[in-house]
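Structure, as structure tokens:
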């Protein structure tokens with residue numbers, strides 16, 4: 001068996017690359033504000049903007065530093081072999097035989113993505129996160145190798161299964177997001193446009209139409225959120241502790257759920273705007 005697992009590219013972007021770029025831009029913005037200030041009579045609003053930019057830049061750069069420490073190694077990965085597993089960050093390699101595992105501590109969390117698995121050996125420790133690509137498959141393979149060597153006492157199956165469910169949810173959510181990205185973009189354009197047109201048709205001015213478009217934009221998130229919520233419930237309901245498995249994706253069910261969510265959201269959206277238009281014409 002030879003299988004390599006590494007952190008998703010999205011984790012690097014969200015954890016430290018985007019915060020670093022935003023922090024750098026805000027720091028430059030702060031420097032620009034300070035450079036145009038008149039020390040003898042500085043405008044209070046410009047000073048406030050400079051302070052806010054500096055504080056936000058500092059916070060983002062600190063966040064980027066912590067993110068880099070946690071996920072900054074582009075080559076960080078786990079590789080499972082027949083007799084050992086290897087952790088590397090691209091520079092340092094740690095080889096560990098399965099027999100050296102003393103115990104596996106599982107930290108469960110109700111918040112998605114916060115579960116952790118800590119593999120403790122006789123002289124080291126490794127942490128697994130559900131943010132690793134195919135983390136569910138990784139923990140299944142690891143458990144299988146430990147079971148083959150009679151090391152079932154090293155872990156709590158129920159806690160490890162909770163991590164498997166968390167990892168499976170994240171894995172399938174990412175797949176569904178990639179598949180539905182263009183569909184969501186279409187909804188994100190359609191709903192604000194509808195809100196703008198409805199507001200103008202109802203006699204609103206440009207400001208009212210822009211407000212309606214902004215509010216309508218948030219309706220585009222509802223169908224995907226409903227689909228993900230129902231999917232999470234399905235995973236937690238159908239996951240099998242004894243077999244240590246989670247259900248595979250049912251794309252037909254997902255399409256039906258998404259379609260119903262879109263239609264329900266559109267109906268609620270239409271009812272709200274009808275009520276607002278009626279109230280505006282009645283009491284306006």
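The values are calculated or read from the model by the stated rules, or taken from the named source; none is laboratory data. If you're wondering where the values come from, they're calculated on a predicted model, not measured in any experiment. Because the Cβ atoms are built from the backbone with ideal geometry, glycine has one as well, and the counts that use them run over all protein chains shown.
Listed here are the residues, each with its yes/no results for (1) in contact (Cβ under 8 Å) with a residue 12 or more places away in the chain; (2) surrounded by 12 or more Cβ atoms within 10 Å (Cβ to Cβ); (3) outside any helix (DSSP H, G or I); (4) touching a strand residue (DSSP E or B) at 6+ places or on another chain (Cβ under 7 Å).
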residue	(1), (2), (3), (4)
216	yes, yes, no, no
243	no, no, yes, no
259	no, yes, no, no
275	no, no, no, no
Subset tally (residues that are under 30 Å from the mean Cα position of the chain (by Cα) and either surrounded by fewer than 14 Cβ atoms within 10 Å (Cβ to Cβ) or over 23 Å from residue 17 (Cα atoms) (or both)) for segment 45-58: 1
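Taking the criterion of being assigned to a helix (DSSP H, G or I), at pLDDT 80 or above and within 30 Å of residue 219 (Cα to Cα), would at least one residue in segment 144-165 satisfy it?
Narrowing segment 144-165 to residues assigned to a helix (DSSP H, G or I): 144-148, 152-154, 157-165.
Subset that is at pLDDT 80 or above: 144-148, 152-154, 157-165.
Retained after the next criterion (residues that are within 30 Å of residue 219 (Cα to Cα)): 165.
Yes.
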Every residue from segment 83-94 that is modelled with pLDDT of 85 or more and surrounded by 13 or more Cβ atoms within 10 Å (Cβ to Cβ): 84, 85, 86
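Scan 260, 256, 236, 183 and give me the residue that is under 30 Å from residue 142 (Cβ atoms) and within 28 Å of the chain's Cα centre (by Cα). Give the derivation first.
Numbers: 260 fails: under 30 Å from residue 142 (Cβ atoms); 256 fails: under 30 Å from residue 142 (Cβ atoms); 183 fails: under 30 Å from residue 142 (Cβ atoms).
From the options 260, 256, 236, 183, the qualifying one is 236.
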Filter pass, residue 200 being free of Cβ contacts under 8 Å to residues at least 12 places away in the same chain and either part of a helix (DSSP H, G or I) or over 25 Å from the mean Cα position of the chain (by Cα) (or both): yes
Unmet requirement for residue 206, which otherwise passes all of (1) farther than 24 Å from residue 258 by Cβ; (2) touching a strand residue (DSSP E or B) at 6+ places or on another chain (Cβ under 9 Å): (2)
Segment 134-159 - residue that is touching a strand residue (DSSP E or B) at 6+ places or on another chain (Cβ under 6 Å) and crowded, with 20+ Cβ neighbours inside 10 Å and, of those, farthest from residue 120 (Cα to Cα): 138
